[in-house]
Amino acid sequence: SNLKQFVINTTAWSLRVEGLVGAVLTGQLLHWGHLPLGLGNFAMMINMDISANKLSGEFPASLSKLQMLKYLNPPWNTFDGHISEQLDHMLNLDTIDLSRNKLSGKIPKSLEKLQHIQVLDLSFNLLEGEIPSGGKFANLSTNSFLGNYALCGAPKFHVPLCLNKTERQSKSNAASVIAACAIGSSAPVIICYTRIGISFYRKRGLLKQPDDIERLQGITLRLISYKELLHATSNFSNANFLGNRRFASVYKGILPDGTTVAVKELNLLFEGASKSFDIECSVLRQIRHQNLVKVITSCSSTDFKALVLQYMPPGSLEVCLYSGDHRLNLFQILDIMIDVACALEYLHCGYSKTIVDCDLKPSNVLLDENMTAY
């Protein structure tokens with residue numbers, strides 16, 4: 001058969017066409033199901049696009065028989081299991097897009113053998129372990145691995161360095177010693193100076209008490225749809241990616257009225273992510289403080305959950321400290337310390353229940369145009 005394209009638009013589907021060259025199954029045409037075990041029988045297939053359906057399960061082992069396949073595109077499904085070691089048999093592969101599935105385990109080092117690969121996207125899965133560095137992996141960027149929070153590897157991928165067992169044990173022991181020393185000596189000094197700074201500012205009327213701040217008073221939370229957020233973030237494009245947070249990825253977006261926002265999209269593949277979102281929304285509805293990021297609105301459904309937040313152009317404290325593009329003077333650093341301390345004091349003592357951040361670090365401290373910390 002000289003069939004060039006095979007379009008399937010029903011859930012009651014089967015693949016029995018000999019000489020199949022291309023399979024296009026996109027746009028949620030398949031609402032459920034698994035790939036057929038006999039998929040590898042179509043030896044002449046060149047392009048397989050099954051993106052944005054609701055397919056699940058593991059990829060059949062016979063997939064590696066598709067020696068002529070150049071384009072493997074099953075993103076935006078719920079495939080699970082491991083990436084097959086036998087993909088290295090498909091030497092003609094040009095594009096592999098496995099993004100936004102539930103794939104777990106390690107990235108096979110055997111993929112380094114694929115010499116014709118131009119695009120490899122493994123983002124937003126549950127992958128772990130070391131990112132291979134040989135072959136075409138040397139030319140890949142961090143965008144290929146976004147949203148996999150247990151990966152490690154080269155600094156250029158913006159992931160932690162991989163540690164061997166001895167190094168992990170050594171680091172753990174060292175961290176225990178450092179933590180003990182910090183608690184025993186440095187912490188009281190920092191707390192002392194911070195309290196002095198807060199008292200100094202408050203006595204001079206330069207810092208308002210949390211109870212005097214009603215930043216959200218009179219603001220009505222607007223309704224926003226998933227479609228609007230897709231448009232605002234250019235389909236959550238890598239160009240608008242701002243960074244990762246616990247259970248989430250953050251993107252820059254522009255709403256129809258021109259407002260620039262930060263869209264915090266939860267990765268619902270992680271266990272506990274939905275519960276974390278519900279708890280966060282419950283807390284954010286009730287707290288008010290000048291050093292907490294303003295929540296503009298939220299968007300929530302079974303398959304998608306996101307918070308729309310105030311956008312901070314300078315970015316994080318980490319960027320300002322280490323990027324080289326910003327220079328903070330001593331007074332700005334002191335102001336930032338006081339801002340963070342005031343926010344923590346409010347969360348710990350100024351609300352009816354103690355709220356613990358659990359993830360306080362420079363990359364999670366945001367700065368506005370006036371270098372006020374949030």
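The values are calculated or read from the model by the stated rules, or taken from the named source; none is laboratory data. Just so it is clear, the structure is predicted and the values come from calculations on it, not from any experiment. Please note: Cβ atoms are built from the backbone with ideal geometry, for glycine as well, and neighbour counts cover all protein chains shown.
What single numbered condition from (1) surrounded by 17 or more Cβ atoms within 10 Å (Cβ to Cβ); (2) on the phi > 0 side of the Ramachandran plot fails to hold for SER234?
(1)
Within region 206-223, does at least one residue satisfy the condition of being buried (at least 16 other Cβ atoms within 10 Å of the Cβ) and modelled with pLDDT of 50 or more?
No, there is no match, as no residue in region 206-223 is buried (at least 16 other Cβ atoms within 10 Å of the Cβ) and modelled with pLDDT of 50 or more.
Considering only residues that are hydrophobic (A, V, I, L, M, F, W, C) and modelled with pLDDT of 85 or more, which ones fall in region 234-258?
Matches in region 234-258: PHE236, ALA239, PHE241, LEU242, VAL250, ILE254, LEU255.
Each row is one residue, and each column tells you yes or no for (1) closer than 15 Å to ARG245 by Cβ; (2) β-branched (Val, Ile, Thr).
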site: LYS294; (1), (2): no, no
site: THR297; (1), (2): no, yes
site: THR302; (1), (2): no, yes
site: LEU307; (1), (2): yes, no
site: LEU317; (1), (2): yes, no
site: ASP359; (1), (2): yes, no
site: PRO362; (1), (2): yes, no
site: VAL365; (1), (2): yes, yes
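I'd like the residue in region 71-92 that is in contact with a helix residue (DSSP H, G or I) (Cβ under 9 Å, 6 or more places away or on another chain) and surrounded by fewer than 19 Cβ atoms within 10 Å (Cβ to Cβ) and, out of all such residues, is farthest from LYS113 (Cα to Cα).
Only one residue tops the list, namely SER84.
Every residue in region 126-139 that is surrounded by 20 or more Cβ atoms within 10 Å (Cβ to Cβ) and either more than 20 Å from ASN238 (Cβ to Cβ) or in contact with a Phe, Trp or Tyr (Cβ under 6 Å, 6 or more places away or on another chain) (or both), please.
Within region 126-139, just ILE131 meets the criteria.
Looking at region 290-315, which of its residues are within 12 Å of ALA373 (Cα to Cα) and in contact with a Lys or Arg (Cβ under 9 Å, 6 or more places away or on another chain)?
Residues satisfying the conditions are GLN290, LEU292.
Among the candidates SER84, SER110, SER123, single out the residue that is closer than 21 Å to SER237 by Cα and free of Cβ contacts under 8 Å to residues at least 60 places away in the same chain.
From the options SER84, SER110, SER123, the qualifying one is SER123.
If you take the residues of region 298-327 that are among the aliphatic types (A, V, I, L, M) and touching a residue at least 60 places away in the same chain (Cβ under 8 Å), which of them is nearest to ASN77 (Cα to Cα)?
Among them, the one singled out is ALA306.
Condition first: within 17 Å of VAL365 (Cβ to Cβ), free of Cβ contacts under 8 Å to residues at least 60 places away in the same chain and among the hydrophobic types (A, V, I, L, M, F, W, C). Now tell me which residues in region 240-290 satisfy that.
ALA248, VAL250, ALA262
If a residue has to be closer than 23 Å to TYR149 by Cα and in contact with a strand residue (DSSP E or B) (Cβ under 9 Å, 6 or more places away or on another chain) to count, how many in region 52-94 make the cut?
Summing the residues that are closer than 23 Å to TYR149 by Cα and in contact with a strand residue (DSSP E or B) (Cβ under 9 Å, 6 or more places away or on another chain) in region 52-94 gives 14.
I want to confirm something. Restricting to region 334-370 and keeping residues that are acidic (Asp, Glu) and closer than 15 Å to LEU292 by Cβ, which single residue is surrounded by the fewest Cβ atoms within 10 Å (Cβ to Cβ)?
Checked region 334-370; the qualifying residue surrounded by the fewest Cβ atoms within 10 Å (Cβ to Cβ) is ASP359.
Mind listing whichever residues of region 334-374 are over 21 Å from the mean Cα position of the chain (by Cα) and polar (S, T, N, Q)?
Those that are over 21 Å from the mean Cα position of the chain (by Cα) and polar (S, T, N, Q): SER352, THR354, ASN370, THR372.
Would you please list the contacts, defined by Cβ atoms under 7 Å and residues six or more apart or on different chains, that run from a residue in region 133-151 that is closer than 18 Å to HIS82 by Cβ to a residue that is surrounded by fewer than 15 Cβ atoms within 10 Å (Cβ to Cβ)?
Correct list of pairs: ALA150/GLU128; LEU151/GLU128.
Considering each of PHE331, PHE304 in turn, give the residue that is surrounded by fewer than 19 Cβ atoms within 10 Å (Cβ to Cβ) and over 22 Å from the mean Cα position of the chain (by Cα).
PHE331
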